[in-house]
């Protein structure tokens with residue numbers, strides 16, 4: 001038995017079958033409903049429930065707080081209608097919908113960035129053009145292993161797609177990239193996905209916070225903002241555990257030397273020895289530098305705990321929640337343990 005669901009933003013009326021989420025019904029109908037992980041973790045599909053009732057499947061408190069739920073907000077990707085209802089996704093600035101492509105690509109180059117992160121460059125052979133906004137991600141399928149979601153680290157105008165893959169001991173795909181992937185291998189890329197991308201019309205300061213391989217989408221965002229000559233100051237904080245986890249430090253220092261508006265701050269949470277670098281949790285470093293973040297916009301990517309702590313800190317410092325664009329990198333094991341589809345990967 002299906003239920004009628006009206007999407008107020010477009011006026012479209014959906015036939016939502018039993019066991020089908022509102023988001024899946026909308027996407028099946030060709031509606032460009034804002035979404036990201038599709039697993040209740042990112043909050044991108046957060047919506048007003050204007051009429052009717054829904055059951056919500058499991059979701060992260062980061063994506064939808066108890067206070068938001070009490071105000072009648074839902075996650076479309078987890079919402080199963082109980083009957084006829086009406087929804088409206090939250091107003092968002094500069095929403096874009098790029099054509100979704102399936103690319104056949106080959107591995108053009110591989111480089112060890114750290115002891116457990118590899119940078120992989122892919123060359124498009126067919127299926128393009130691949131148009132995306134800086135900060136988005138794609139589903140990447142290497143031969144013989146399950147697909148995983150990885151953020152593009154390159155600017156949208158660059159020819160090669162760049163991904164940063166962190167090796168996880170229980171990760172079949174990341175171990176394949178770490179031990180078996182070679183240049184010339186064929187790969188499948190589908191995308192783009194995600195809404196944590198650069199908002200070019202914003203003119204307030206940018207606070208970019210990356211943890212580990214979360215540097216990938218942040219790199220794309222920062223480089224695109226500089227390439228577009230956006231006028232505001234950009235404060236890039238890169239949090240890792242210790243010295244050996246740092247990468248692309250010389251690259252960002254060189255960018256900062258050429259662009260006075262870029263400020264780059266590596267932060268070590270657990271340095272193995274005495275260091276002159278900033279230490280502690282990366283979101284605490286940001287908090288110590290800013291008393292008031294009203295009017296700023298933030299881009300945050302990395303482990304879920306870091307993303308949640310950073311989001312709370314940013315809003316406590318006066319930033320509007322709508323100005324916090326967050327991408328939590330869940331491991332495949334974490335997603336599977338929660339019974340959810342895999343999302344952006346570490």
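Each reported figure results from applying straightforward, stated rules to the coordinates on display, with no laboratory input. None of these values were measured; they are calculated from a predicted model. Using ideal geometry, Cβ is built from the backbone for each residue, glycine included, and neighbour counts are taken over all protein chains shown.
By how many degrees, between 0 and 90 and to the nearest 10, does the Cα long axis of helix 215-227 differ from the longest principal axis of the chain?
Between the helix axis and the principal axis of the chain, the angle is about 80 degrees.
Would you list 49, 56 from fewest to most Cβ contacts within 10 Å?
56, 49
Among DSSP bridges having both ends in the chain, what percentage is antiparallel? Round to the nearest 5.
Roughly 60 percent of the DSSP beta bridges within the chain come out antiparallel.
On C-alpha positions alone, give me the angle between the axis of helix 304-316 and the longest principal axis of the chain, in degrees, nearest 10.
That works out to roughly 80 degrees.
Binning every alpha carbon pair distance of region 3-89 at 5 Å from zero, what are the percents per bin?
3, 17, 31, 28, 16, 5, 0
At a 10 Å Cβ-Cβ cut-off, how would you order 16, 85, 77, fewest neighbours first?
In order of increasing Cβ crowding within 10 Å: 85, 16, 77.
Can you give me the relative contact order of region 1-59 as a percent, contacts being Cα pairs under 8 Å and 6 or more apart?
Here the relative contact order equals 19 percent.
Which residue fluctuates the most in the chain, going by a Gaussian network model with Cα springs under 10 Å, if the choices are 153, 108, 210?
In this elastic network of the chain, the residue with the biggest mean-square fluctuation among 153, 108, 210 is 108.
Grab the beta carbon distance between residue 276 and residue 112, set R0 = 22 Å, and tell me the FRET efficiency rounded to 0.05.
About 0.30, to the nearest 0.05.
Could you work out the relative contact order of the chain? I mean the mean sequence separation of Cα pairs under 8 Å and 6+ apart, divided by the number of residues, in percent.
Rounded, it is 14 percent for the chain.
Using only DSSP helix segments of four residues or longer, with each worth -39500 (n - 2.57), what per-residue ellipticity at 222 nm results for the chain after dividing by its residue count and rounding to 500?
-5500 deg cm²/dmol
Fewest to most neighbouring Cβ within 10 Å: what's the order for 167, 241?
241, 167
Taking square-rooted eigenvalues a ≥ b ≥ c of the alpha carbon gyration tensor, is region 206-332 rounded, prolate or oblate, where a/c under 1.5 means rounded and, failing that, a/b exceeding b/c means prolate?
Cα axes put region 206-332 in the rounded bin.
Quick one: helix 249-258 against the long Cα principal axis of the chain, what's the angle to the nearest 10°, folded into 0 to 90?
90
Working out 0.36 nm times the residue gap between residue 68 and residue 188, then minus their Cα-Cα distance, what length gain in nm do you get to one decimal?
Using 0.36 nm per residue and subtracting the Cα-Cα distance, I get 39.4 nm.
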